Amino acid sequence: MLNFDYQNRTRIIFGKDKQKEIGAFIKPYANKVLFHYGGQSIKKSGLYQEVVDSLNRENIEFVELPGVQPNPRLSLVYEGIRLCRENGIEFILAVGGGSVLDSSKAIALGVPYDGDVWDYYLTRKEADKVLDVATILTLPATGSESSDSSVITNEEAQLKLGYGSDKIRPLFSVMNPELFFTLPKHQMANGACDMMSHIMERYFTNTLHTDVTDGLCESTLKAIMKNALILKDDMQNYDAWAEVSFAGSIAHNGLLGLGRMQDWACHKMEHELSAIYDVAHGAGLAAVTPSWMRSVYQENIGMFLQFAVNVMGVEASFRDPDAAVLEGIRRLEQFFADLGLPVTLTELGIEEKDYERMAKKATWFDRGPERPIGGLKKLYWQDVLQIYK
Ligand code: NZQ
Ligand code: ZN
C-alpha cells in the first residue's frame with residue numbers, strides 16, 4: 001500500500017425532503033448567494049420553487065445564473081465570476097447534476113483570482129482562496145458533490161480539462177433520492193456507468209496489498225449494477241436510487257483510491273470524445289472502457305481475473321485465465337448494452353477521421369512533449385488510437 005494523506009470536508013445531508021431546508025443549512029455561512037442551475041428540469045420538478053421558498057424563509061438574498069449545459073462551458077463560468085464580483089457574492093449554491101456543480105466550482109475558483117480562471121485547468125496550480133460551494137444534487141453520476149474536481153469545456157479551444165484540489169470540495173451537499181425520480185432512463189444509465197468507471201479507474205492497479213480498498217471497490221460496483229438494473233424497470237424506486245446515489249459519492253470522494261496507484265486513461269480518452277462531439281460523459285465511458293480492458297489486461301492479468309470472478313461472477317474454474325478475463329469483460333459490456341448504453345464509438349456517432357486527432361489530444365502530443373496516460377499501463381497516442389479503433 002502506498003502512503004496517503006486524506007481528508008474530505010464535504011458534509012453529506014441525505015434523505016427525503018432535505019432540499020426544503022437548504023436556506024437553514026446555508027444561513028450560518030452566507031446571507032447572499034449565487035443560485036446556479038442548468039435548464040428547465042428543476043423548474044418542471046418543482047425543486048426550483050422549493051429552493052426559492054427556503055432561501056426566502058431565511059432572508060437569504062440570491063442572484064440567479066441558469067443555463068449550464070451538459071459539458072459545462074467556460075463562457076458561462078466567466079459570466080458567473082462577473083456576477084459574483086458585481087454583487088459582492090461569496091457563496092455559491094449549485095442545484096443540478098455534475099455540469100452545474102463543476103461550473104460552480106470553477107466560478108468559486110475564479111472570483112478571488114486576479115488572472116484567467118482557465119489557468120487553473122491548464123497548469124493545475126494550487127489555488128490560494130476559493131469561495132464556498134454548497135450543492136443540491138439532481139443526478140447521481142459524477143460524484144462532484146463531494147469530489148475535489150471540476151471539469152470544464154473551453155468551447156473556443158475545443159478543450160475539456162479537469163482541475164483538482166481539496167479546496168474545491170463542496171462545503172455540504174444535499175442528496176434526496178426522490179429528486180432523481182424525474183431523470184430520463186438514459187441519464188440513469190450514463191450515471192451508473194460513470195460511477196462504475198470512477199471505481200474501476202482506481203481498482204485496476206499494480207499496487208500490492210490493497211485488500212481493504214479492493215473489497216470496497218468490488219462491493220460498491222456490485223451494488224451499482226444490482227440497483228441500476230432495478231431502476232431500469234422502475235425509475236421511481238426510492239431504495240434503489242438511495243443505493244446508487246450513495247455509491248456514486250463513495251465512488252469518487254477519494255476513499256476507494258487510497259494507497260493505490262490509479263489509472264484514469266478511460267476518463268482522459270472519454271474527455272476527448274465529449275470535447276469534440278459533446279456526447280454524454282457516461283455514454284462515452286461505456287464505449288471506451290471494455291476496449292481499454294481488452295487492450296491492457298495482460299499487464300496485470302491477476303487484477304482482471306479478480307474483477308472477473310469477484311465482480312462479474314465468472315466461475316474461478318473457467319477454462320484458463322485469459323478466457324475468464326475476457327468473459328468478465330464481455331459480461332461488463334453486456335451489462336452496459338442492457339442499460340441501453342453505447343459500446344462502440346460508431347454507436348456514439350464518432351467518426352473514424354477524428355480518432356487520430358483525439359488520440360493526440362488525449363496524450364498532449366499536439367501540444368508539446370507527449371504525456372502518456374494511464375497508471376496501470378502507459379498509453380501513447382498510437383495505443384489510444386488502437387483503443388478508439
Ligand atoms: O439542465 P437540466 O434541465 O437540469 O437537465 C439536465 C441535463 O440536461 C438533466 N437533469 C439533471 N438532473 C435532472 C435532469 N433531468 C431530469 N431530472 C433531473 N433530476 O440531465 C442532463 C445532464 O446533466 P449533467 O449535469 O451534464 O450530467 P452529469 O451529472 O452526468 O455531469 C456530467 C459532467 O460532469 C463531468 C463530466 O465530464 C461532464 O462534463 N465530470 C465531473 C467530475 C467531477 N467533477 O468530479 C468527474 C466525472 O468524471 C466527470 O468528468
Ligand atoms: Zn467520470
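Values quoted throughout were computed directly from the atomic coordinates according to the rules given, and no laboratory measurement underlies them. No experiment lies behind these values; they were computed from the predicted model shown. In this analysis, Cβ positions are derived from the backbone assuming ideal geometry, glycine residues included, and neighbour counts consider all displayed protein chains.
Here the 3J(HN,Hα) profile of the stretch 234-242, calculated from phi with Karplus coefficients 6.51, -1.76 and 1.60 at θ = phi - 60°, is 8, 6, 10, 7, 4, 5, 5, 5, 4 Hz, Gly and Pro shown as x.
Please work out the FRET efficiency for the pair HIS209 and ARG330, using the Cβ-Cβ distance as r and a Förster radius of 41 Å; give the result to the nearest 0.05.
0.85
Over the chain, Cα pairs under 8 Å with separation of 6+ residues give a relative contact order of 15 percent. In summary, the aspartates and glutamates within cross-link reach of LYS167, defined as a Cα separation below 15 angstrom excluding same-chain residues under 8 places away, comprise ASP5, GLU90, ASP102, GLU126, ASP128, ASP132, GLU145, ASP148.
Over the stretch 236-318, Cα pairs under 8 Å with separation of 6+ residues give a relative contact order of 15 percent. The stretch between TYR78 and ASP366, if pulled fully straight at 0.36 nm per residue, gains 101.0 nm over its current Cα-Cα span. Length, then width, then depth: along the principal axes, the Cα atoms of the chain run 67, 48, 42 Å. Counting only DSSP H runs of at least 4 residues, each contributing -39500 (n - 2.57), and dividing by the residue count of the chain, the helix-based mean residue ellipticity at 222 nm comes to -15000 deg cm²/dmol.
Computed over the Cα atoms, what is the radius of gyration of the stretch 127-196 divided by 2.2 N^0.38 Å, N being its residue count?
1.26
Straight-line cross-link partners of LYS125 among the aspartates and glutamates, defined as a Cα under 13 Å from its Cα and at least 8 positions apart when in the same chain: ASP116, ASP166.
Helix 265-277: angle to the longest alpha-carbon principal axis of the chain, degrees 0 to 90, nearest 10? The helix 265-277 is inclined about 60 degrees to the chain.
If you take all other residues with their beta carbon under 12 Å from the beta carbon of GLN7, and give Lys and Arg +1 and Asp and Glu -1, the sum is 0. Report, in listed order, any pair from LYS16/LYS222; LYS268/LYS360; LYS353/LYS389; LYS360/LYS389; LYS185/LYS232; LYS20/LYS129 with a Cα-Cα distance greater than 18 Å. The pairs that break the limit, which is 18 Å between Cα atoms, are LYS16/LYS222; LYS20/LYS129.
Kindly state, to the nearest 0.05, the FRET efficiency for ARG11 paired with VAL63, given R0 = 25 Å and r defined as their beta-carbon distance.
Working: r = 24 Å, r/R0 = 0.97.
Rounded to the nearest 0.05, the efficiency is 0.55.
Spin-label pair MET261-GLU356: with each label point 7 Å from Cα along the Cα-Cβ axis, the two points sit 3.1 nm from one another.
Cα centroids of the stretch 76-123 and the stretch 260-316: how far apart, whole angstrom? One Cα centre to the other: 31 Å. Of the trypsin sites (Lys or Arg not before Pro) found in the stretch 264-361, those that fall in a DSSP loop while having at most 10 other beta-carbon atoms within 10 Å are ARG319.
Positive end of the dipole of the chain (Cβ unit charges, origin at the Cα centre): among SER274, PRO70, GLY162, the Cα lying farthest that way belongs to GLY162. Among the trypsin sites (Lys or Arg not before Pro) within the stretch 7-68, those in coil by DSSP and having at most 15 neighbouring Cβ atoms inside 10 Å are ARG9, LYS16. Among HIS267, HIS198, HIS186, the largest mean-square fluctuation in a Gaussian network model of the chain (Cα springs under 10 Å) belongs to HIS186. Helix 74-87 and the long axis of the chain differ in direction by around 30°, with both axes built from C-alpha atoms.
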